[in-house]
Structure formats: C-alpha cells, structure tokens
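Student: Shown below is the structure under consideration.
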Amino acid sequence: MANRFWRIARRPEGNDFAAALELVEAPLAPLAEGEVRIRNSHLSMDAGTRLWLTSREDGYQPPLPLGIAMTGLVLGEVTESRAEGFAPGDLVRAFGQWGDWSTVDAVMSGALKLDPSVSDRRAWFGPLGMNGWTALWGVERTGAAKPGEKVLVSAAAGATGILAVQIARLLGCEAWGIAGGAAKCAYLADELGIAGAVDYKAGDVGAQLDKAGGFDVYFDNVGGPLLDAVLTRMNHYGRIAVCGLLADYSSGNRTAPKEFDQVLMRRLRVEGFFSPDFMHEGPVLTERLRAWHEAGDLVMPYDVTRGLENTLAAYAKLFTGGNIGKVIVELGT
Ligand SMILES: NC(=O)c1ccc[n+]([C@@H]2O[C@H](COP(=O)([O-])OP(=O)(O)OC[C@H]3O[C@@H](n4cnc5c(N)ncnc54)[C@H](OP(=O)(O)O)[C@@H]3O)[C@@H](O)[C@H]2O)c1
C-alpha cells in the first residue's frame with residue numbers, strides 16, 4: 001500500500017514552507033515489533049514544530065533530519081498493531097507523520113488510546129490535548145496564578161493562548177490577552193468575555209497595556225519586543241511563564257529583552273516550561289480540562305483545512321496570524 005506524506009527536503013527560510021517540504025508517495029513498510037499503523041483522520045498544526053525544522057542543536061529537542069517525513073501530532077484509527085495494548089479500531093493520538101498514514105513506535109511516539117465517546121474528536125488536539133495541558137500547567141503551575149490576580153497571555157487568540165485566558169478566568173483570575181488585529185481582540189473580549197484584549201498590531205502597545213494597570217502573571221507565547229513592553233508593566237513578585245518564542249521561530253532571531261533588569265527591580269520569576277516534562281500528569285490534567293470543556297466553560301474554535309495537499313497553507317497560518325483557535329488539517333472523506 002502507498003502512503004502520501006510531506007517529506008522535509010530542505011530547511012525552511014522564513015515562512016516559505018513550499019520550498020522546504022514536498023508531498024511524496026512511498027510504499028508502507030511492514031510493521032516492526034512495538035509499532036502501530038494509524039490511518040490519520042486529523043493532523044494538528046503546532047507552532048513549536050517550526051523549531052524542529054531549523055538546524056538548531058541547542059533547542060529542547062534535536063532538529064528533525066532532512067529526508068524524513070514531517071513529524072507532528074496526529075489523530076486516527078489503528079489499522080494494524082504489533083504493540084501491546086493497541087488493536088485495530090482503537091482511536092489514538094500520537095506524534096506521527098504528516099501523511100495519510102502514520103507508522104509509529106507506540107512508546108516513543110507517546111501513542112495514547114482515546115475515549116471514542118467524546119463527541120468531537122478534534123477536542124483531543126485542543127482542550128483535551130497538548131494545548132490544554134500546556135495552558136493549564138503554564139497558568140497554574142509555572143505562573144502560579146492566584147484568584148484575583150491579573151494574568152496576561154500573548155498569542156491569546158491562538159490554540160494555546162485561547163485556552164490559557166479561559167483557564168485563568170476559571171481559576172478566578174482577571175484575564176487579559178494580546179493578539180494581532182481587531183477581529184481577534186473582538187473575539188477575546190466579546191465572545192469569550194475576558195477583561196481586555198490588546199491589539200499589538202494597532203500601535204502603542206504600552207498605552208494599551210497601561211489600561212490594565214499591571215500584571216501578576218505573563219503567559220508568554222511570543223518573546224521578542226512584546227516581552228520588553230510587558231516587563232515594565234509587571235507587578236512586583238510577578239511570574240513570567242515562558243511557553244513559546246513565536247517572534248523567533250521564523251525570523252531566526254533570539255529574544256534578548258532590553259528590560260531584563262526589571263527581573264531584579266520588580267523581583268520577578270521567569271521560568272520556561274515544556275509539555276513533555278509533565279506528560280505523566282496528562283490523565284489528571286485531561287480530567288480537569290474535560291470537566292470544564294463538557295460544562296461549556298472551556299471552548300475552542302477550530303480552523304479546519306481539508307486535504308493533505310493543503311497542509312502547508314494551514315501550517316503557515318500559525319506564523320502569519322491567519323487563525324483563531326486550533327489549526328487542524330482534516331483528511332479522508
Ligand atoms: N512549552 C510548551 O510545552 C508548548 C506546548 C504547546 C505550544 N507551545 C507554544 O505555544 C505558542 C502557540 O502555539 P500554538 O501551536 O498554540 O499556535 P497558535 O497560537 O494557534 O498560533 C500562533 C499565533 O501566534 C501569533 N503570532 C505568530 N507570530 C507572532 C509574532 N511574531 N508576534 C506575536 N504573535 C505572533 C499569531 O496570532 P496573531 O494574529 O495574534 O499574531 C498566530 O495565530 C507557541 O509559542 C508554541 O511554541 C509551547
């Protein structure tokens with residue numbers, strides 16, 4: 001049987017993914033011991049994977065080698081298994097391949113059997129997935145947000161940020177978001193009803209941030225110059241939970257805050273966090289997220305692109321700001 005998949009031919013320059021990834025077809029190899037075959041129904045587009053496409057050796061994981069299939073989270077049914085605990089028909093999520101099929105080592109890929117009774121399986125990528133785990137961990141554990149505190153989230157209309165602002169509010173905090181453009185800010189303020197949204201593309205970010213009057217927690221997805229604008233507006237003993245550095249991913253820049261001295265002046269704690277470090281707490285995090293989600297208190301808009309051949313257009317949205325909520329590629333019929 002043949003598999004179509006996106007092969008990494010070259011390292012991308014900026015957001016030119018078409019020059020770097022090519023859609024190819026190759027026969028599926030027989031399964032090795034410990035592997036499962038998944039018929040992908042959905043691919044998750046995750047901004048962090050942009051780092052894996054660079055040649056940086058000092059990242060939180062080594063670069064993906066050229067010539068292999070692009071790796072990312074997938075959802076789908078197991079069709080064949082040589083791994084204990086997985087059988088044909090199981091719905092699973094795993095770090096698989098951007099293709100019609102994924103062939104993965106069940107352990108190495110973090111393959112997880114999912115409850116098929118969840119009515120919209122896309123939730124396993126959003127509120128019940130890595131974005132949900134990351135948002136909850138970053139607000140509650142790394143950010144140590146307490147009821148009544150002001151929590152600011154950057155890239156707040158994206159998958160991780162949209163969950164982080166809602167979780168902050170669910171934990172009794174006053175949630176503020178930063179996003180690009182009036183439509184995103186209107187979504188955050190009017191649809192989600194958070195305390196306020198700052199449009200970083202609309203000029204004077206500092207003046208907009210000043211309206212909130214100081215933040216106790218900054219859940220940062222972006223880094224770059226926005227971090228400087230926030231550093232000077234943190235309350236004393238505030239916490240900056242560094243989730244991602246989107247400003248650096250495509251540009252190749254390194255975030256180097258000019259206002260770093262505010263860490264001392266305001267006695268701030270700055271700490272990065274990374275979801276694979278707390279994978280073992282996934283079931284507990286999922287249970288809490290699922291309760292909020294099923295009660296309608298934790299919502300996720302989906303930005304869905306249909307067809308494997310359109311994957312790169314979906315992926316680019318993460319870096320150009322074309323999405324509200326979780327970007328997903330839907331495969332099959
Ligand atoms: N630490 C972890 O374990 C972990 C796990 C998952 C995700 N993350 C991080 O979470 C962040 C969000 O990832 P995601 O997959 O959920 O993507 P996403 O938020 O759905 O999409 C990315 C959004 O970021 C904004 N953005 C892009 N470039 C920007 C820039 N230079 N400055 C400001 N905003 C920019 C865009 O919205 P605008 O229109 O608002 O610009 C875009 O829609 C990433 O930094 C990712 O690395 C970390």
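The values are calculated or read from the model by the stated rules, or taken from the named source; none is laboratory data. Keep in mind it's a predicted model, so treat the numbers as computed, not measured. Every residue, glycine among them, receives a Cβ derived from its backbone with ideal geometry; neighbour counts consider all protein chains shown.
Student: Return only the number of the condition from (1) in contact with a Phe, Trp or Tyr (Cβ under 6 Å, 6 or more places away or on another chain); (2) free of Cβ contacts under 8 Å to residues at least 12 places away in the same chain that Gly196 does not satisfy.
Tutor: (2)
Student: Out of (1) of a type outside the set (A, V, I, L, M); (2) surrounded by 13 or more Cβ atoms within 10 Å (Cβ to Cβ); (3) assigned by TED's automatic domain parsing to the domain that holds Gly143, what's the single condition that is false for Gly252?
Tutor: All conditions pass for Gly252, except number (2).
Student: Moving on. Going through Val263, Val284 one at a time, which residue ends up being surrounded by 15 or more Cβ atoms within 10 Å (Cβ to Cβ) and on the phi < 0 side of the Ramachandran plot? Give the steps one after another, and end with the answer.
Tutor: On the way: Val284 fails: surrounded by 15 or more Cβ atoms within 10 Å (Cβ to Cβ).
Being surrounded by 15 or more Cβ atoms within 10 Å (Cβ to Cβ) and on the phi < 0 side of the Ramachandran plot holds for just one of Val263, Val284, which is Val263.
Student: Do you know which of the residues in segment 314-333 that are loosely packed, with under 15 Cβ neighbours inside 10 Å and either closer than 18 Å to Pro12 by Cβ or among the hydroxyl-bearing types (Ser, Thr, Tyr) (or both) is farthest from the ligand (Cβ to nearest atom)?
Tutor: Residues of segment 314-333 loosely packed, with under 15 Cβ neighbours inside 10 Å: 320, 322, 332-333.
Applying the additional criterion that residues be either closer than 18 Å to Pro12 by Cβ or among the hydroxyl-bearing types (Ser, Thr, Tyr) (or both) yields 320, 322, 333.
Numbers: Thr320: 7, Gly322: 7, Thr333: 26 Å.
Among residues in segment 314-333 that are loosely packed, with under 15 Cβ neighbours inside 10 Å and either closer than 18 Å to Pro12 by Cβ or among the hydroxyl-bearing types (Ser, Thr, Tyr) (or both), the one farthest from the ligand (Cβ to nearest atom) is Thr333.
Student: In segment 145-159, is there at least one residue being under 21 Å from Glu287 (Cα atoms) and outside any loop (DSSP other than H, G, I, E, B)?
Tutor: yes
Student: Scan (1) more than 16 Å from the ligand (Cβ to nearest atom); (2) under 28 Å from Gly110 (Cβ atoms); (3) in a helix (DSSP H, G or I) for the single condition Asp297 breaks and write down its number.
Tutor: Of everything listed in (1) more than 16 Å from the ligand (Cβ to nearest atom); (2) under 28 Å from Gly110 (Cβ atoms); (3) in a helix (DSSP H, G or I), Asp297 misses just condition (3).
Student: Then there's this: Which of the residues spanning segment 299-317 are more than 28 Å from Arg7 (Cβ to Cβ) and touching a Lys or Arg at 6+ places or on another chain (Cβ under 9 Å)?
Tutor: The answer is Met300, Pro301.
Student: Can you pull out the residues in segment 305-314 that are touching an Asp or Glu at 6+ places or on another chain (Cβ under 9 Å) and either outside the structural domain of Ala18 (by TED's automatic domain parsing) or not in a strand (DSSP E or B) (or both)?
Tutor: Within segment 305-314, Gly307, Leu308, Ala314 qualify.
Student: Among the residues of segment 101-141, which ones are buried (at least 21 other Cβ atoms within 10 Å of the Cβ) and free of Cβ contacts under 8 Å to residues at least 24 places away in the same chain?
Tutor: Ser109
Student: Among the residues of segment 179-187, is any surrounded by fewer than 24 Cβ atoms within 10 Å (Cβ to Cβ) and either more than 16 Å from the ligand (Cβ to nearest atom) or assigned by TED's automatic domain parsing to the domain that holds Ala316 (or both)?
Tutor: Checked segment 179-187: no residue is surrounded by fewer than 24 Cβ atoms within 10 Å (Cβ to Cβ) and either more than 16 Å from the ligand (Cβ to nearest atom) or assigned by TED's automatic domain parsing to the domain that holds Ala316 (or both).
Student: Another question, if that's okay. When you go through Met70, Met45 one by one, which is the residue that is touching an Asp or Glu at 6+ places or on another chain (Cβ under 9 Å) and assigned by TED's automatic domain parsing to the domain that holds Glu309?
Tutor: Step by step, each of Met70, Met45 is checked, and only Met45 is touching an Asp or Glu at 6+ places or on another chain (Cβ under 9 Å) and assigned by TED's automatic domain parsing to the domain that holds Glu309.
Student: Shifting gears a bit: Residues in segment 32-71 that are among the β-branched types (Val, Ile, Thr) and either surrounded by fewer than 16 Cβ atoms within 10 Å (Cβ to Cβ) or closer than 24 Å to Ser154 by Cα (or both): how many?
Tutor: Restricting attention to segment 32-71, the residues satisfying the condition of being among the β-branched types (Val, Ile, Thr) are 36, 38, 49, 54, 68, 71.
Pick out the ones that are also either surrounded by fewer than 16 Cβ atoms within 10 Å (Cβ to Cβ) or closer than 24 Å to Ser154 by Cα (or both) and you get 49, 54, 68.
Adding up the residues that qualify gives 3.
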